[in-house]
1. Take the range 62-87 and flag every residue that is in contact (Cβ under 8 Å) with a residue 24 or more places away in the chain, surrounded by fewer than 21 Cβ atoms within 10 Å (Cβ to Cβ) and assigned to a helix (DSSP H, G or I).
2. Before we move on, is A123 farther than 29 Å from G56 by Cβ and either touching a residue at least 40 places away in the same chain (Cβ under 8 Å) or crowded, with 19+ Cβ neighbours inside 10 Å (or both)?
3. On the basis of being out of contact with any Leu (no Cβ under 6 Å at 6 or more places or on another chain) and within 22 Å of K138 (Cα to Cα), does H83 make the cut?
4. Quick check on my filter: what residues within the range 90-102 are at pLDDT 95 or above and more than 15 Å from V150 (Cα to Cα)?
5. Which condition does T96 not pass, out of (1) out of contact with any Gly (no Cβ under 9 Å at 6 or more places or on another chain); (2) not in a helix (DSSP H, G or I), if it passes all the others?
6. May I ask you to verify whether V90 is open to solvent by less than 10 Å² (accessible area, probe 1.4 Å), of a type outside the set (F, W, Y), over 22 Å from Y133 (Cα atoms) and part of a helix (DSSP H, G or I)?
7. For A42, state whether it is of a type in the set (A, V, I, L, M, F, W, C), open to solvent by 30 Å² or more (accessible area, probe 1.4 Å) and out of contact with any helix residue (DSSP H, G or I) (no Cβ under 6 Å at 6 or more places or on another chain).
Amino acid sequence: MGRLPGESFHGPSFPAAHKARPYLAYLGLRGYATFDYRWMFALSQLRVHDQAALAGIDLGTAALVQEAIALGYSSPAAKQAMHWSVARIVLRNGLTDVADITSEHVAEILEAIRFFPQLPEFAAFYPSAEQFYEGPAKCWITHLHQLEVVLFHPGQVAAQPRQHTPPSGCVAVRQTLWQGADIKRGGTHAEASRRGRADPPE
């Protein structure tokens, strides 16, 4: 928001809008606003946890990170996956605690990923659907799978998540996205997705 693709943080085209990001995150964390996934997907970063800390709000993400590490994920991968996933789910649904996240919340964001390239504004942020499916979407699916694995162990998610690590090729990645709403079905351990590619840190 406020910064066109490829622009530096130090020189956004719309500086006032760019500076409004922290305030919007604050409104979401306080329950005054919720945000569409389409808007959040267009942003390169959402430092929701920084704003939560400044506001004295503990979303419980740190505990998820530690649980992920205990399950065998690396610390950087666990932090990136939990922060990316939790930030967007809480802002979309007005949640203030990771204990309130359900399988339905994860299914909704996967569905939003599936349809994002079909939206009119998509072309302003990504050069092609192929680039989106092979890059960001692939990472986001991995993040969400890790979240569900972590939530499954204490019983917060009832069904053991199925691994979604698509092979190379846009067709395979598209197929994974179309099946995204069913990610909670089937079963596998966290091992296969520990090495998923990470987004820039949030």
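1. Correct list: A63, E67, P76.
2. Numbers: farther than 29 Å from G56 by Cβ: yes; either touching a residue at least 40 places away in the same chain (Cβ under 8 Å) or crowded, with 19+ Cβ neighbours inside 10 Å (or both): no.
Spelling it out, it is not the case that A123 is farther than 29 Å from G56 by Cβ and either touching a residue at least 40 places away in the same chain (Cβ under 8 Å) or crowded, with 19+ Cβ neighbours inside 10 Å (or both).
3. Working: out of contact with any Leu (no Cβ under 6 Å at 6 or more places or on another chain): yes; within 22 Å of K138 (Cα to Cα): yes.
Criteria met by H83.
4. Answer for the range 90-102, where residues must be at pLDDT 95 or above and more than 15 Å from V150 (Cα to Cα): V90, L91, R92, N93.
5. With respect to (1) out of contact with any Gly (no Cβ under 9 Å at 6 or more places or on another chain); (2) not in a helix (DSSP H, G or I), T96 is out only on (1).
6. Numbers: open to solvent by less than 10 Å² (accessible area, probe 1.4 Å): yes; of a type outside the set (F, W, Y): yes; over 22 Å from Y133 (Cα atoms): yes; part of a helix (DSSP H, G or I): yes.
Against the criterion (open to solvent by less than 10 Å² (accessible area, probe 1.4 Å), of a type outside the set (F, W, Y), over 22 Å from Y133 (Cα atoms) and part of a helix (DSSP H, G or I)), V90 qualifies.
7. no
The values are calculated or read from the model by the stated rules, or taken from the named source; none is laboratory data. Computed from a prediction, not measured in an experiment: that's the story for all the values here. Every residue, glycine among them, receives a Cβ derived from its backbone with ideal geometry; neighbour counts consider all protein chains shown. Ligands, DNA and RNA are stripped out before the accessible areas are found, and what is left, the full protein with its side chains, is counted by its heavy atoms. Shrake-Rupley method; radii C 1.70, N 1.55, O 1.52, S 1.80 Å.
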